[in-house]
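Heads up: the structure comes next, in structure tokens.
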Amino acid sequence: MPPDTSVASRIDEAIPFLRQVGRSYPDDKGAWEQDIDKLHKLLHLTRYHHPTIKKHIFNLPINERTNDGHNHQGEQSLENYKHDYPFGPTYVRPIGVGQSIDLKHFIDVDSSTEWMPSLQVLTTLFLLASTVPLSVFSQVVVGGEKTLELLLRLGLVYLSSCDTTNKDEEW
């Protein structure tokens, strides 16, 4: 049986981190807004958008509109975007305690597409609720250590001290 990579099995370790959420910004709304802006830019750089995740991670079809040379202002009904918007038929269930993802096959650290490994890591963390080795995160996510520090400050990730299943294994 593959080792448990679920965040759910490490949730007790999150409590001290959760208690610190927001304390990085005591009375400094400007710093928080700057970090939110950095997060927005990170998600944009990694193409962390519903259609991109749907197409490149889960290999599901998307509505790729072509430019027919006409500017149809006013013809932007929801029907045109039904396959691109998050309320489309995409359902993802995060992994639970005792479950795992074969990260070596899911995260392509040698991808020729620059943004793909970052997208794969962020999808693994945020949608699938799986852990990712720190060394892999630092190596492939846009911004590496600075991105990790940003996500830690915002309380979106935490470091697991007891994680022996994903510790710097051979990739």
Within region 1-42, report the trypsin sites (Lys or Arg not before Pro) that DSSP leaves as loop and that have at most 11 other Cβ atoms within 10 Å.
Arg23
Counted charge near Leu119, where neighbours are those whose Cβ lies closer than 11 Å (Asp, Glu -1; Lys, Arg +1)
0
Given the whole protein assembly as supplied and a 1.4 Å probe, what does the accessible area of Ser160 come to in Å², nearest 10?
30
Whole-Hz couplings from phi, Karplus 6.51/-1.76/1.60, listed for region 48-54; x for Gly and Pro
7, 10, 3, x, 5, 5, 4
Please work out the FRET efficiency for the pair His105 and Ile15, using the Cβ-Cβ distance as r and a Förster radius of 30 Å; give the result to the nearest 0.05.
0.40
Per residue, the convex hull enclosing the Cα atoms of region 19-60 spans a volume in Å³ of 83
Which FRET efficiency, nearest 0.05, do Trp32 and Ser138 yield, Cβ-Cβ r, R0 22 Å?
0.35
How much accessible surface does Glu145 have with a 1.4 Å probe, in Å² rounded to 10?
100
Tell me the accessible surface of Tyr25 in square angstrom (1.4 angstrom probe, heavy atoms of protein chains only), to the nearest ten.
30
Can you run phi through the Karplus equation (6.51, -1.76, 1.60; θ = phi - 60°) for region 112-119 and list ³J(HN,Hα) in whole Hz, with x for Gly and Pro?
7, 8, 3, 8, 4, x, 4, 4
Work out from phi, with θ = phi - 60° and the Karplus expression 6.51 cos²θ - 1.76 cosθ + 1.60, the ³J(HN,Hα) of each residue of region 150-155, listed in order in whole Hz, and give x for Gly and Pro.
4, 5, 5, 4, 7, x
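The values are calculated or read from the model by the stated rules, or taken from the named source; none is laboratory data. Values in this document were obtained by computation on a predicted structure and should not be read as measured data. Please note: Cβ atoms are built from the backbone with ideal geometry, for glycine as well, and neighbour counts cover all protein chains shown. Accessible surface areas use protein heavy atoms only, side chains included; no ligands, DNA or RNA. Shrake-Rupley method; radii C 1.70, N 1.55, O 1.52, S 1.80 Å.
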